[in-house]
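The values are calculated or read from the model by the stated rules, or taken from the named source; none is laboratory data. Bear in mind the structure is a predicted one, so any value in this text is a computation, not a measurement. In this analysis, Cβ positions are derived from the backbone assuming ideal geometry, glycine residues included, and neighbour counts consider all displayed protein chains.
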Amino acid sequence: MLCLVLELIYKNAIGSVAAGLIGFATLLIAHHLSLSGDTMEMMRAVLDSNFWLSTHVVVITIGYSATFLAGFLALIYILRGLFTTSLDKATADALARMVYGIVCFATLFSLVGTVLGGIWADQSWGRFWGWDPKENGALIIVIWNAIILHARWGGLVKQRGLMSLAVFGNIVTSWSWFGTNMLGVGLHSYGFMTAAFWWLTAFVISQLAVIALASQPRGNWRSFAGLPK
């Protein structure tokens, strides 16, 4: 839905491409997860609340997903700039505005979702915060999105710096969403899967590689030479 909104505003096909590719990738992940059958343990009775499942879970998932979307748009910026000549100044500026807007959106929903989760935890276990790995992961996403915004507002990064920070947001979110589940500790650990661990590791390495590419001198970028540093 966010991609459709981007397409309505900018009409440059980037939103449509992002929606199609992200949708395809997530369906592949869902397909392979389903091959192992239903491995989800029975929900604890204290968590059996349709209200919190429809508020906290939905809101924080939107925040996580938006953070991934910002990172994916940043990947488009970096890869187009390095390997094609299609990233002119107008397109670069549009992508920068997209990423900035999506990060703002993600920060809001991640923060609200984390607070709602704390309220749910207080009602369920009598404590708002317990430093559970999943709780820490949610907090890290909020903090990282806030770092991106403050770095942009303070002029510490320009367009390429913003994109690199957004790509690293993919790593933060993937660890918080999937990695913490495999630690085997805490109330949100759903079981270690060897295959998932290696796929997660490969994903993190790929994102670090893209960030390294983004740091290449401007002369190595094939696109518009006047792109901000």
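Worth pointing out:
- So Trp129, is it out of contact with any Cys (no Cβ under 7 Å at 6 or more places or on another chain), in a loop (DSSP other than H, G, I, E, B), modelled with pLDDT under 90 and surrounded by fewer than 18 Cβ atoms within 10 Å (Cβ to Cβ): yes
Yes/no matrix, rows are residues, columns are (1) modelled with pLDDT under 85; (2) within 17 Å of Asn170 (Cα to Cα); (3) touching a Phe, Trp or Tyr at 6+ places or on another chain (Cβ under 6 Å); (4) not acidic (Asp, Glu):
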| position | (1), (2), (3), (4) |
| --- | --- |
| Val185 | yes, no, no, yes |
| Ser189 | yes, no, no, yes |
| Met193 | yes, no, no, yes |
| Phe197 | yes, yes, no, yes |
| Ile205 | no, yes, no, yes |
| Ala209 | no, yes, no, yes |
| Leu213 | no, yes, no, yes |
| Arg222 | yes, no, no, yes |
| Ala225 | yes, no, no, yes |
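- Within region 129-149, considering residues that are in contact with a Leu (Cβ under 6 Å, 6 or more places away or on another chain) and of a type in the set (A, V, I, L, M), the one farthest from Asn181 (Cα to Cα): Ile148
- Of all residues making up region 111-126, the number that are among the polar types (S, T, N, Q) and at pLDDT 80 or above: 2
- Of the residues making up region 143-171, those that are buried (at least 22 other Cβ atoms within 10 Å of the Cβ) and more than 22 Å from Ala92 (Cβ to Cβ) number 1.
- Residue in region 30-48 that is farther than 18 Å from Gly101 by Cα, of a type in the set (A, V, I, L, M, F, W, C), surrounded by 10 or more Cβ atoms within 10 Å (Cβ to Cβ) and modelled with pLDDT of 85 or more present: no
- Failed condition for Trp120, given (1) closer than 15 Å to Leu6 by Cβ; (2) aromatic (Phe, Trp, Tyr); (3) more than 16 Å from the chain's Cα centre (by Cα): (1)
- Residues satisfying the stated conditions in region 76-109, i.e. farther than 17 Å from Ile141 by Cβ, β-branched (Val, Ile, Thr) and part of a helix (DSSP H, G or I): Ile76, Ile78, Thr91
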